[in-house]
Amino acid sequence: MPSPARPTLVHTLVGHAATRGEQTAYEYLHDDGRVDSLTYGELLNRATRTAARLRADGGQNGPALLLYPPGLDFVVAVWACLLAGVPAVPAYPPLFGSTDRITARFTRILDDSRATTLLADPLVLGLFTSGLRPEDLPRVLTLEDTTEENSAEKGDGNGTENGGRTVSGSPDPDVLAELLRTAAVPEDTALIQYTSGSTGQPKGVVLQHRNLLANIKAITEVFQLDETARVVSWLPPYHDMGLIGFILTPVHGAFPVRLMSPVHFLKSPLSWLRQISELGITHTGGPNFAYDLCDRRAATGDLTGLDLSTWRLAFNGAEPIRPATLHRFTERFAAHGFRPEAFLPCYGLAEATLIVTGRHWTAHDSVDEDGRVDCGPVIDGHTLALVDPDTGTPVPDGAEGEIWISGPSISDGYWNSTGTPESELFGLLDGTRHLRTGDLGRQRAGHLTVTGRRKDVLIQNGVNHHAHDLCSAAAEDNPAVRPTAAAFSGPDEEVVIAVEVVGKDHDPAAVAADIRTRVLTATGVRVHTVVLCPPRSIPRTTSGKIQHSLARTRHLAGELAGTTVTATPATATAEEAELITLFLSSIFAAVCQVPSCGPDETLSAMGGDSLRAAEIAAVVEDALTLPVRVEDVLRAQSPRELTARLAQRWADDGVPPADALERVKTLMSHE
């Protein structure tokens with residue numbers, strides 16, 4: 001294939017299929033240990049078939065909304081959109097949550113994106129569209145449609161043509177040639193990334209093909225990637241870090257990647273490390289919480305034979321990076337070959353495609369006087385400035401300012417109007433348009449440290465959440481509080497919500513537990529601290545807007561009036577719970593890091609989230625050697641209800657109640 005004058009990632013894939021078609025491009029590790037794989041040739045064949053269908057019936061007129069669980073079908077769907085020149089809109093399905101919440105978020109994205117095609121897994125489609133009328137949906141296309149359409153292509157088994165396409169795994173050359181003849185150009189939209197955590201008005205970041213190439217080249221340079229790299233990822237594939245970092249970048253670099261489900265990792269974080277050990281992984285990483293979770297599970301886990309000596313780059317990004325986490329992880333796994341210099345703290349955001357800065361960590365010079373980690377210099381071909389957000393002028397070296405960036409990776413903005421003024425998204429420096437990130441930082445000798453967020457966004461487990469969404473969940477239709485609330489991060493980046501209560505006759509613990517439950521149910525966010533304030537205590541601007549940042553400042557200084565409530569569940573007693581329930585109560589308390597847990601205390605009231613639910617499921621399953629589903633923990637919420645659910649599930653699996661009880665007795669007798 002001749003080199004195109006203006007190449008995109010599509011041309012890279014086509015070239016690989018022609019020169020290394022039998023080489024593995026992707027693998028997917030199932031929870032049960034099965035591994036699926038796709039070669040470059042198979043990937044191009046499947047993507048070409050689907051791309052042709054996307055082009056048919058006017059499908060190119062609008063974006064395609066992708067509805068898939070993690071796996072290779074999602075990978076094929078993404079590449080099919082790129083081949084067809086159709087903007088891909090990966091929908092971020094909540095791993096857990098109510099049907100109403102899932103449907104509402106899907107509807108908002110569908111309306112905002114104006115997608116003309118749903119490229120979907122049938123089961124996931126049913127989850128997203130429950131309660132919606134078929135006539136309200138755009139056309140639906142599945143990968144099975146393209147497979148079934150060509151089911152007669154088996155021919156004589158020797159790769160002969162049948163039905164217009166080849167059987168050998170190579171795409172029809174005429175179809176592929178037509179797709180390439182009318183392929184997207186670098187300035188065309190490739191992806192529309194919707195924020196993964198917001199429950200309010202969706203914001204779809206528009207990324208052009210040129211943005212993807214520019215940022216992937218920067219990732220390749222900072223991470224020192226080449227064809228010898230071996231990578232694995234459990235990150236959600238629907239957003240920047242998982243999608244661009246681990247689905248698109250490996251094809252650009254011609255090295256294989258093994259993918260696994262985020263739920264698989266959350267339930268068994270050490271399985272990620274086992275993959276590194278068994279496959280000789282060189283590059284992988286995740287948000288700060290991932291390293292904390294591995295450290296906690298390793299305290300009681302079996303590390304026999306674990307070898308991390310091949311791991312030469314362990315990136316840490318997407319949420320605040322804590323030096324203590326880096327030190328703990330290093331201490332825990334040094335005996336297994338992990339080297340601290342493998343850590344690469346980095347900073348990025350979806351509006352910049354993915355990476356903005358990054359550098360390898362050294363313990364002696366990578367932490368500033370405030371305990372913040374050096375995230376390195378800006379990527380090549382880009383500029384980064386620290387700017388006074390009120391005046392729009394650069395601040396002196398070492399002073400705090402808003403992070404502004406410019407360069408070929410920067411998005412031109414959002415898919416539709418979000419109501420945000422242009423001046424809040426972009427600013428001019430020396431005549432050059434810069435993205436205003438809303439993040440605060442300091443720059444010394446060209447290296448960035450991130451100090452906080454000017455915009456009212458909180459990050460939990462690598463997911464962004466807008467403060468307004470949390471406040472709405474806490475206060476709307478809540479008779480105990482006024483319609484005034486502020487959400488912000490605490491001293492250790494935990495989520496804090498301050499509300500103004502109605503009257504004085506209330507039970508603080510009950511009000512706080514109810515708020516935690518409301519917020520977790522509506523947004524998936526685990527609230528650590530609730531501050532119950534008297535009326536007119538939460539600061540507002542002169543125009544009446546809540547000042548989340550000022551509320552945080554006052555809270556940290558002890559100047560925000562009100563009662564602070566953290567999770568302190570009541571103690572369970574033998575008289576009010578059976579033995580299994582008592583056992584589960586102890587697990588709930590240990591995982592949620594609270595003193596104790598009563599049999600009817602709920603996970604959400606203790607500040608538990610899907611991460612804690614996955615950990616509870618894993619701990620119980622490991623202890624009893626009986627299956628425990630994460631969904632059961634989330635739906636049960638309390639130890640007593642979980643006992644009932646597990647008993648029924650185990651009975652369905654042929655496990656006698658006495659067997660489970662005996663296992664619990666054995667465990668508790670050794671405590």
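The values are calculated or read from the model by the stated rules, or taken from the named source; none is laboratory data. Quantities reported herein were computed from a predicted structural model and do not represent experimental measurements. Note that we place each Cβ from the backbone using ideal geometry, even for glycine, and neighbour counts take in every protein chain shown.
All conditions but one from (1) within 24 Å of Thr117 (Cα to Cα); (2) at pLDDT below 95; (3) under 26 Å from the mean Cα position of the chain (by Cα) apply to Asp31; the one that does not is (1).
Between Gly358, Gly441, Gly427, which is under 30 Å from Ile546 (Cα atoms), modelled with pLDDT of 95 or more and crowded, with 16+ Cβ neighbours inside 10 Å?
That would be Gly427, the only listed residue that is under 30 Å from Ile546 (Cα atoms), modelled with pLDDT of 95 or more and crowded, with 16+ Cβ neighbours inside 10 Å.
The set of residues in the range 589-604 being at pLDDT below 80, at negative phi and either in a loop (DSSP other than H, G, I, E, B) or outside the structural domain of Ala636 (by TED's automatic domain parsing) (or both) consists of Val594, Pro595, Ser596.
Residues in the range 255-272 that are touching a helix residue (DSSP H, G or I) at 6+ places or on another chain (Cβ under 6 Å) and either hydrophobic (A, V, I, L, M, F, W, C) or within 19 Å of Asp307 (Cα to Cα) (or both): Val257, Phe265, Leu266, Ser268, Pro269, Leu270, Trp272. Tell me which strands (runs of 3 or more DSSP E) are completely within the range 411-528 and hold 3 or more residues being within 26 Å of the chain's Cα centre (by Cα), under 29 Å from Gln208 (Cα atoms) and not hydroxyl-bearing (Ser, Thr, Tyr), or say none if there are none. Once the strands (runs of 3 or more DSSP E) in the range 411-528 are filtered for at least 3 residues that are within 26 Å of the chain's Cα centre (by Cα), under 29 Å from Gln208 (Cα atoms) and not hydroxyl-bearing (Ser, Thr, Tyr), what remains is 432-444, 447-453, 457-460, 463-466. Take the residues in the range 384-393 that are in a loop (DSSP other than H, G, I, E, B) and touching a residue at least 24 places away in the same chain (Cβ under 8 Å); name whichever of them is nearest to Gly452 (Cα to Cα). Filtering the range 384-393 for residues that are in a loop (DSSP other than H, G, I, E, B) and touching a residue at least 24 places away in the same chain (Cβ under 8 Å), the one nearest to Gly452 (Cα to Cα) comes out as Pro389.
Within the range 623-633, the only residue that satisfies the criterion of being free of Cβ contacts under 8 Å to residues at least 40 places away in the same chain, closer than 15 Å to Ala660 by Cβ and either assigned by TED's automatic domain parsing to the domain that holds Pro262 or in a helix (DSSP H, G or I) (or both) is Asp632.
Looking only at the range 366-383, residues that are more than 18 Å from Thr451 (Cβ to Cβ) and of a type outside the set (S, T, N, Q) come to 4 in all.
Do we find that Arg640 is outside the structural domain of Asp31 (by TED's automatic domain parsing) and either part of a loop (DSSP other than H, G, I, E, B) or touching a residue at least 60 places away in the same chain (Cβ under 8 Å) (or both) in this structure? Taking the combined requirement at face value, the residue satisfies it. Checked against the criterion of being over 22 Å from Thr220 (Cβ atoms), of a type in the set (Asp, Glu) and part of a helix (DSSP H, G or I), the candidates Asp292, Asp307, Asp302 yield just one match: Asp292.
If I ask for residues that are among the hydroxyl-bearing types (Ser, Thr, Tyr) and either buried (at least 19 other Cβ atoms within 10 Å of the Cβ) or modelled with pLDDT of 90 or more (or both), which ones from the range 300-328 would you list?
Across the range 300-328, the qualifying residues are Thr304, Ser309, Thr310, Thr325.
Ala570 meets each of the listed conditions (1) within 27 Å of Ser610 (Cα to Cα); (2) of a type in the set (A, V, I, L, M); (3) at pLDDT 85 or above; (4) in a loop (DSSP other than H, G, I, E, B) apart from (3). Filtering the range 466-492 to residues that are in contact with a strand residue (DSSP E or B) (Cβ under 8 Å, 6 or more places away or on another chain), closer than 30 Å to Arg322 by Cα and surrounded by fewer than 17 Cβ atoms within 10 Å (Cβ to Cβ) leaves only Gly490. Once the range 404-424 is narrowed to residues that are over 22 Å from Lys217 (Cβ atoms) and acidic (Asp, Glu), the residue that is surrounded by the most Cβ atoms within 10 Å (Cβ to Cβ) is Glu424.
Consider Ser610 carefully, then state whether it is at pLDDT below 80 and crowded, with 19+ Cβ neighbours inside 10 Å. Judged against the criteria, Ser610 is a match.
Restricting Cys375, Cys346 to those that are assigned by TED's automatic domain parsing to the domain that holds Gly427, surrounded by 20 or more Cβ atoms within 10 Å (Cβ to Cβ), touching a Cys at 6+ places or on another chain (Cβ under 9 Å) and in a loop (DSSP other than H, G, I, E, B) reduces the list to Cys375. From the list Ser271, Ser277, Ser233, which residue is among the hydroxyl-bearing types (Ser, Thr, Tyr), surrounded by fewer than 22 Cβ atoms within 10 Å (Cβ to Cβ) and in contact with a Gly (Cβ under 8 Å, 6 or more places away or on another chain)? Being among the hydroxyl-bearing types (Ser, Thr, Tyr), surrounded by fewer than 22 Cβ atoms within 10 Å (Cβ to Cβ) and in contact with a Gly (Cβ under 8 Å, 6 or more places away or on another chain) holds for just one of Ser271, Ser277, Ser233, which is Ser277. With respect to the conditions (1) closer than 29 Å to Val14 by Cα; (2) in a helix (DSSP H, G or I); (3) among the basic types (Lys, Arg), Arg258 lacks only one, and its number is (2).
Return yes when Ser586 is surrounded by fewer than 20 Cβ atoms within 10 Å (Cβ to Cβ), part of a loop (DSSP other than H, G, I, E, B) and not assigned by TED's automatic domain parsing to the domain that holds Thr523 and no when it is not. The answer is no for Ser586.
With Arg482, Arg518 as the choices, which residue is basic (Lys, Arg) and closer than 30 Å to Ser586 by Cα? After ruling out the rest, the residue left standing is Arg518. Looking only at the range 61-74, decide whether some residue is part of a helix (DSSP H, G or I), in the same structural domain as Glu227 (by TED's automatic domain parsing), surrounded by fewer than 19 Cβ atoms within 10 Å (Cβ to Cβ) and out of contact with any Asp or Glu (no Cβ under 9 Å at 6 or more places or on another chain). Yes: the range 61-74 contains one or more residues that are part of a helix (DSSP H, G or I), in the same structural domain as Glu227 (by TED's automatic domain parsing), surrounded by fewer than 19 Cβ atoms within 10 Å (Cβ to Cβ) and out of contact with any Asp or Glu (no Cβ under 9 Å at 6 or more places or on another chain). Within the range 216-232, residues that are among the small types (Gly, Ala, Ser) have Cβ atoms under 6 Å from residues that are surrounded by fewer than 23 Cβ atoms within 10 Å (Cβ to Cβ) and part of a loop (DSSP other than H, G, I, E, B) in these pairs: Ala229/Phe255; Ala229/Thr282, counting only partners at least 6 apart in sequence or on another chain.
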